[in-house]
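Participant: Would you mind keeping the following structure in view while I ask a few things?
The values are calculated or read from the model by the stated rules, or taken from the named source; none is laboratory data. Since the structure is predicted, the reported quantities are computational estimates derived from the model, not experimental observations. Heads up, the Cβs are rebuilt from the backbone with ideal geometry, glycines too, and the neighbour counts pull from every protein chain shown.
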Amino acid sequence: MASVTLRGVGKDFGATTILPSIDLEIADGTFLVLVGPSGCGKSTVLRIVAGLEAATRGDVAIDGESVTDKKPRDRDVAMVFQSYALYPHMTVRENLAFALRLRKDPQAAIDARVAEVGEMLGLGALLERFPRQLSGGQRQRVAMGRAIVRRPRVFLFDEPLSTLDAALRGKLRVELKRLHQQLKSTMIYVTHDQIEAMTLADQIVVLNGGVIQQHGTPDELYRRPANRFVAGFIGSPPMNFLDVEIAKDGDGSAMRAPGLELRLPERWPEGPAVLGLRPNDLVPSDDAAAPLSGEVDVVEPIGWEAHLHGRIGETPVCAQLTADVARRYEPASTIRFDIAPRALHLFDRDSGARLSAEAQDA
Amino acid sequence: MLDDERRPASVRTSRRFAFALALLVVGGFPSLVTARTTLTLWHSYQGDERKALETSVARLNERSTTIRVNSLWVPYSAFIRRLNQAIPRGHGPDLFIFAHEHIGNWVESGRLQPIEGAVPTSELDRFFPETLAALRYDDKLCGLPLAFKNLVLFYNRKLVPTPPKSFDELIRIAKRLTRHEEHRYGLVFKSTDFYVHAAFLFGFGGTLFDERGRPRLDTPENVRSLEFVRDLVRREQIVPRNVAGDLITKLFNAGLAAMVINGPWFLGEIKAGLDFGVAPLPVLSQSGRPPRPFVTVDGIFLSAKSNHRAAAIEVMRALTSDDAAFLRATLGKQLVANRAVHRRPEVRDDPKARVFRQQLRDTVPMPNVPAMRFVWEPANRALRKVMRGAAEPRAALTEAQKRIRMLMQPPPPPANPVPYAIVLGLLLLGAVALWIRRLAQPQMRRAMRENRAAYAFAAPATITLLGLLITPFVMGAVVAFFAYRNGAFTFVGARNFVDVLLSREVGLTDPLSFYYTFAVTVLWTALNVAAHLVIGVALAMALRDKWVKLRAFYRVLFILPWAVPNYITALVWRGIFDEEFGSMNALLQALGAEPVNWFSHFWTSFAANMVTNMWLGFPFMMVVTLGALQAIPSDLEEAAAVDGASAAQRFRHVVLPLLAPALIPAVIMGTVWTFNMFNVIYLVSGGEPDGSTEILISEAYKWAFDRYERYGYASAYALLIFFILLGYSRLTRRLREPGRT
Amino acid sequence: MEKRASFGRQALRQLILLIVSVIVIYPVLWVVQTAMTPAQEFRREIAVSSWSFDNFRDVVSTKDARGRWLFGRQLWNSLAVAGVTTLFGIFLALTGAYALSRFDFPGRETGLATLLVTQMFPGVVMAIPIYIILDKLKLLNSMWGLTLVYSTTAIPFCIWMLKGYIDTIPKDLEEAALLDGATRWQIFTRIALPLARPAIAVTALFSFMTAWNEFILAATFLNQETAYTLPVAIQRYVESEKTAWGHFAAAAILVSLPVVALFFALQRHLVGGLTAGSVK
């Protein structure tokens, strides 16, 4: 069990900078998910922690002790690869025992540990098989087992579920979470899938273009995304964005856009901004004074809920409704929405940074 | 040990003494044995000759208390090369046994020490004077004779009851016995081998050297001898035109050759039970003189680097004693040089030995002067040209003379090495500077540090490659700036390159010119690689589908040519393309076509080489293609099929582009291999006709080893080959990776 | 793809395959016939009237003056030289190929280019310098010198082939092993080596073949007849004036057999081992 600290870690490939500089503090026992679109540098961060790649600058410390110049095998970390990287010429048992054998554990201890982990992951019957004789889910479990056997200080996961089908992915997500609760180890998990991030993480770090966009609990990220990128990345269906103009209106501000007319009691910075609204925060309203009005395009029923796609002004938006409510709206009909003031997210039009109301309630 | 200390001193002393004595006894004997002078003797005798020699050596070792001889059989084909390499570096033998014709060369290059005066004259009387004469070079005796070899007439008694006395008679008999359609011939000999032809040449009073000792071939007598043999072959048609390999033996043993001109070695090849006789060569009716064949003498020679001259001469004398010679004559069936042996009943009563001895009087010692090596190739070339009707004797010999003059040109003058040293120094300095500058870059040093493991992994291969591949190549390349003569190298600068590239001595279209050979090489490479590719890909496609019957069988079978050592297959194909006896012509005749003399025209000779090399080379391409085909997902082709593409279109637009990444490196590799495919050219066509099917590598080899040891010239050739291939690979690399530099 | 071609096309394909088979087999049969023909007899078509193993018997029972069984010793020498060459060759080629495949180090590009370039060295100029170098290394009269030269000859092609194959082994596996605590060397021996087995088999085949068939250098370097390899020994049958074709053919068959057998044993690997790198 260990904490992991990254200080000013950066990576260049030739003249290209992949990671400018990352600072990150991961407390002992945390399940941290690094999430971001592909090519954002999240795997590089993971590999730098593992020691598979050398950082161009900065320092990585595990448990307060710098490991920057240490070889991977001296860092006591384990990694589960996207491809699982099971040794094809070894049986499951040999795969699990490989690391223990390399560090010359006594054979009895190895056997016991392999049996224990096999039991934990339900691999007992598969121990004598070769990887090619296993299904995708079984391979995935072996890959995790290989990491667990060693009792490493830190677990690293590099998109371990991405090659599985959706059903299996959901199942294994739950298993992973249970595993973490059981082992209480520090885990760093890389994915591009925000659902995985939200469901698994104690802490999420959103990465884009090699820069940390936001670091916080899933709840923080969901409720107070630090910028437009995070807001759009976290949450499903994704947040709707409307270009708005904010003007002074008495003590407060007024927000206007085609199909939108809203008075805000607080004072917001004037000028152009982007309004972010989560689909489930759009509440249909029959009140003609409701601030948002648009036109219905398509209704997608998904069992008990439905996604209503429409347009406000020229901007397409999506609203998440219960199926009963959604059924009331015909395509091409007009729909009005009410919004709770808490549900508003405002971002700078240019930088995308989150705007806050000018301090007056403090 | 403790026990020992407690004993009285006297006992200890006596035990020490006994120990010392034992040491002396045990250690003394081997030291006595090694005190004998050990001499090494190389020979290339086989079979009975070898047994006889080794028995004599064993007896000598038994008898002598001071000398021990270790004999080593060295393959004939490697003998001279090995001798020339080993003696100057002190790894050679003290003594060696070989045919005498190279002694001039060996003396001039300091590899052989003459023994003039070391053997009493009285003792020399025991040899036939003809054999001693052959061993003299520059008026010095260079060795002692063991045996002689000359040509005589062999005849099948069933077909020819009494041997002809004159050639007119021989021609009459031979005509009667010749039946071309049954492959029956009256007379068989290698008419295109100058060694054999020399008998006729001297029989007509011809000569090889002018009064100043320079080779001279185009004399009227020489022309007449050539006209005579030409008529035997082409007008009388009693002699097969092309006698290669072991054909003489096969024909004689099958009773298809009535008479044969051959040497004593032939005795061992005639099958048991065949009733044959031996006679001196019949008198040439035109000149009234008998033919006078070359005599070659197997001599025992003393290496210039031997440290045991006295002991070695003792061994030479012992191995040429009458007793040793008697053993070689009876057990080894040799024609020994000792006169007394021929008077002993066992030898005297052998009619065959008598005939050879008789013929010995009418022989000419094979010239042992270095200039002789310039004669062989032009002379053989003239013979081949005449026998296949491509030239008149006079014209052929005039051309041969011209060629000899060209080959005999003195080596280029020494050049001043200073400018070359300066250029080389500057280049090295530049390289080192560049290297240091790169090393000075911090990211370079960092990358090197991070990859320490890589260097460790690469080190073993790098070191061996540097030591045993790159260093020898550089050393060989350096030779290109030197001229070799008589064991010594002189620096001549770029002169060899200039000579090769300007091709001043020969016309551009002469097969000896670099450009002609280069053009042939390019043609050879392009056609072969294309053929390998087409056949390989076609067969792989044919064997691709799982439902093809016997697929596994064919796949295994088609790898066979790759698995058989290629020098063996090359020899086999040489036999298949034999004009009169090869199965290729048999096939043509069965199909109603005229037989082809494959090696007398450029295109047919080239085709024979091509067929051989195609046979050797297609399995590689096939296997590469099979491997690449496995990796092509079938859904791509299925998609194309659904889109309406025909089989040909699918191949052209789907399969071929996907094969390309695997085929391109294979093609480049194949090109390089084919470009340097020495074995096939050397063993199948041998460059015939007249060196026109030679490729660069075989030409370079011939300059170095088969002709006149022009190592510098050959090395310049080889270096040019290397640069051509390097240029080619650069070019293809640019074509393959257009984005890179 | 269609599962079956029309009857006509199938027949045509079988016909072509049959013709190629005949062409492939014919020269081989020629050698067999020559080896089986008792004396040197003139014969034009392939038909062995009286099968005889005399030639084989003569070749196999070759003895020297002291009665030592030369053929046996020379066979053993050939096996030893070829065997050691194979081990050397695999070791050198595998480590070299591994470095070129797995690391991006300064000098890698030069190394790759040099490998191709060495294939262009004309052998003509190399023989004498190799002799001089082995002389300086005091390896001239030993099997080791010969073995080293042979393995060096085979290396460039073997590295080229092995590198292509190792390139296809996922890098993940080695990274996983690295994290599992393996050293570079352990990764090499316990991960890369077992996984490259098909390509190693092919490398072994080529190294073996190089050493098994060579006779020019062997005839120049070895200083004892009991140290000669078989190809040197069979030169005795094709020397100068006397060519004993029957014996040569028999010897040639005996020399070829092990290589042919190896080829067939490894032909499955051959297809995969040779090309894996270039197609994926």
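Participant: Is at least one residue of segment C:142-164 of a type in the set (Lys, Arg), more than 10 Å from chain B (Cβ to nearest Cβ) and farther than 17 Å from C:Gly89 by Cβ? Reasoning before the result, please.
Facilitator: Quick first cut of segment C:142-164, residues of a type in the set (Lys, Arg) only: C:163.
From what is left, the residues that are more than 10 Å from chain B (Cβ to nearest Cβ) are C:163.
Checking the rest, the ones that are also farther than 17 Å from C:Gly89 by Cβ come to none.
No: segment C:142-164 contains no residue that is of a type in the set (Lys, Arg), more than 10 Å from chain B (Cβ to nearest Cβ) and farther than 17 Å from C:Gly89 by Cβ.
Participant: If you don't mind, there's one more thing I want to ask. Taking the stated definitions as given, is B:Arg126 within 14 Å of chain C (Cβ to nearest Cβ), more than 30 Å from C:Phe215 (Cβ to Cβ), surrounded by fewer than 19 Cβ atoms within 10 Å (Cβ to Cβ) and of a type outside the set (Asp, Glu)? Talk me through it step by step, then tell me what you get.
Facilitator: Working: within 14 Å of chain C (Cβ to nearest Cβ): no; more than 30 Å from C:Phe215 (Cβ to Cβ): yes; surrounded by fewer than 19 Cβ atoms within 10 Å (Cβ to Cβ): yes; of a type outside the set (Asp, Glu): yes.
The answer is no for B:Arg126.
Participant: Do the conditions hold for B:Met387, that is, is it among the aliphatic types (A, V, I, L, M), more than 8 Å from chain C (Cβ to nearest Cβ) and in contact with a strand residue (DSSP E or B) (Cβ under 8 Å, 6 or more places away or on another chain)?
Facilitator: It is false that B:Met387 is among the aliphatic types (A, V, I, L, M), more than 8 Å from chain C (Cβ to nearest Cβ) and in contact with a strand residue (DSSP E or B) (Cβ under 8 Å, 6 or more places away or on another chain).
Participant: Another question, then. Go through the residues of segment A:51-72 one by one and say whether even a single one is surrounded by 17 or more Cβ atoms within 10 Å (Cβ to Cβ), of a type outside the set (Asp, Glu), without any contact (Cβ under 8 Å) to a residue 24 or more places away in the chain and in a helix (DSSP H, G or I).
Facilitator: Checked against the condition, which is being surrounded by 17 or more Cβ atoms within 10 Å (Cβ to Cβ), of a type outside the set (Asp, Glu), without any contact (Cβ under 8 Å) to a residue 24 or more places away in the chain and in a helix (DSSP H, G or I), segment A:51-72 yields at least one hit.
Participant: Does B:Gly691 count as crowded, with 20+ Cβ neighbours inside 10 Å and at pLDDT below 80?
Facilitator: yes
Participant: Consider B:Ile248 carefully, then state whether it is crowded, with 19+ Cβ neighbours inside 10 Å, modelled with pLDDT under 90 and β-branched (Val, Ile, Thr).
Facilitator: yes
Participant: OK, next. In segment C:79-94, is there at least one residue being among the aromatic types (Phe, Trp, Tyr), surrounded by fewer than 19 Cβ atoms within 10 Å (Cβ to Cβ) and over 30 Å from B:Ala480 (Cβ atoms)?
Facilitator: Among the residues of segment C:79-94, at least one is among the aromatic types (Phe, Trp, Tyr), surrounded by fewer than 19 Cβ atoms within 10 Å (Cβ to Cβ) and over 30 Å from B:Ala480 (Cβ atoms), which makes the answer yes.
Participant: Let me ask something additional. For segment B:430-440, indicate whether the set of residues that are farther than 30 Å from A:Gly14 by Cβ and within 12 Å of another protein chain (Cβ to nearest Cβ) is non-empty.
Facilitator: No, the conditions are met nowhere in segment B:430-440.
Participant: Then there is this: Is it true that A:Arg263 is outside any loop (DSSP other than H, G, I, E, B), at pLDDT 90 or above, surrounded by fewer than 18 Cβ atoms within 10 Å (Cβ to Cβ) and out of contact with any Phe, Trp or Tyr (no Cβ under 9 Å at 6 or more places or on another chain)?
Facilitator: no
Participant: For the subset of segment B:542-596 comprising residues that are closer than 19 Å to B:Ile681 by Cβ and of a type in the set (D, E, K, R), which member is farthest from the other protein chains (Cβ to nearest Cβ)?
Facilitator: The selected residue is B:Glu579.
Participant: Taking the criterion of being in contact with a helix residue (DSSP H, G or I) (Cβ under 8 Å, 6 or more places away or on another chain), within 14 Å of chain C (Cβ to nearest Cβ), in a helix (DSSP H, G or I) and under 12 Å from B:Phe154 (Cα atoms), would at least one residue in segment B:270-291 satisfy it?
Facilitator: Within segment B:270-291, none of the residues are in contact with a helix residue (DSSP H, G or I) (Cβ under 8 Å, 6 or more places away or on another chain), within 14 Å of chain C (Cβ to nearest Cβ), in a helix (DSSP H, G or I) and under 12 Å from B:Phe154 (Cα atoms).
Participant: Moving to a separate point now. Name the pairs whose Cβ atoms lie under 6 Å apart, with the first residue in segment A:167-178 and under 19 Å from A:Met79 (Cβ atoms), the second surrounded by fewer than 17 Cβ atoms within 10 Å (Cβ to Cβ) and modelled with pLDDT of 85 or more, and 6 or more positions between them or separate chains?
Facilitator: What qualifies is A:Arg173/A:Thr199.
Participant: A further question follows. In segment A:113-126, is there at least one residue being touching a residue at least 12 places away in the same chain (Cβ under 8 Å) and in a loop (DSSP other than H, G, I, E, B)? Give the derivation first.
Facilitator: Residues of segment A:113-126 that are touching a residue at least 12 places away in the same chain (Cβ under 8 Å), as a first pass: A:113-114, A:117-118, A:120-123, A:126.
Narrowing further to those that are in a loop (DSSP other than H, G, I, E, B): A:122-123.
Yes, because at least one residue in segment A:113-126 is touching a residue at least 12 places away in the same chain (Cβ under 8 Å) and in a loop (DSSP other than H, G, I, E, B).
Participant: In this structure, does B:Trp615 turn out to be under 20 Å from B:Leu523 (Cα atoms), facing another protein chain (nearest Cβ under 9 Å), in a helix (DSSP H, G or I) and touching a residue at least 40 places away in the same chain (Cβ under 8 Å)?
Facilitator: Values: under 20 Å from B:Leu523 (Cα atoms): yes; facing another protein chain (nearest Cβ under 9 Å): yes; in a helix (DSSP H, G or I): yes; touching a residue at least 40 places away in the same chain (Cβ under 8 Å): yes.
Yes, satisfied.
Participant: Right, another one. Which condition number does C:Gly67 fail, the rest of (1) assigned to a helix (DSSP H, G or I); (2) surrounded by fewer than 18 Cβ atoms within 10 Å (Cβ to Cβ); (3) more than 8 Å from every other protein chain (Cβ to nearest Cβ) being met?
Facilitator: (1)
Participant: How many of the residues making up segment A:294-308 are crowded, with 18+ Cβ neighbours inside 10 Å and not hydrophobic (A, V, I, L, M, F, W, C)?
Facilitator: Keep residues of segment A:294-308 that are crowded, with 18+ Cβ neighbours inside 10 Å, which gives A:294, A:296, A:299, A:306, A:308.
Narrowing further to those that are not hydrophobic (A, V, I, L, M, F, W, C): A:294.
Adding up the residues that qualify gives 1.
Participant: Still on this structure: Filter segment B:524-538 down to the residues that are over 9 Å from B:Phe618 (Cα atoms) and within 11 Å of chain C (Cβ to nearest Cβ) and list them by number.
Facilitator: B:Ala538 - this is the single residue of segment B:524-538 that is over 9 Å from B:Phe618 (Cα atoms) and within 11 Å of chain C (Cβ to nearest Cβ).
Participant: Within segment C:72-131, can you find the residues that are more than 8 Å from every other protein chain (Cβ to nearest Cβ) and of a type in the set (Phe, Trp, Tyr)?
Facilitator: Answer for segment C:72-131, where residues must be more than 8 Å from every other protein chain (Cβ to nearest Cβ) and of a type in the set (Phe, Trp, Tyr): C:Trp76, C:Phe88.
Participant: With respect to A:Phe130, is the statement that it is surrounded by fewer than 20 Cβ atoms within 10 Å (Cβ to Cβ) and of a type in the set (Phe, Trp, Tyr) true?
Facilitator: So A:Phe130 passes the test.
Participant: Check off (1) assigned to a loop (DSSP other than H, G, I, E, B); (2) in contact with a Gly (Cβ under 8 Å, 6 or more places away or on another chain) for A:Tyr87 and give me the number that stays unchecked.
Facilitator: (2)
Participant: Sticking with this one: Which residues, counting only those in segment C:216-239, are surrounded by fewer than 24 Cβ atoms within 10 Å (Cβ to Cβ), of a type in the set (Gly, Ala, Ser) and more than 8 Å from chain B (Cβ to nearest Cβ)?
Facilitator: C:Ala227, the sole residue that qualifies.
Participant: Would you list the helices (runs of 4 or more DSSP H) that sit entirely within segment B:107-220 and hold 3 or more residues that are in contact with a strand residue (DSSP E or B) (Cβ under 8 Å, 6 or more places away or on another chain)?
Facilitator: Helices (runs of 4 or more DSSP H) meeting the threshold: B:129-134, B:167-177, B:194-203.
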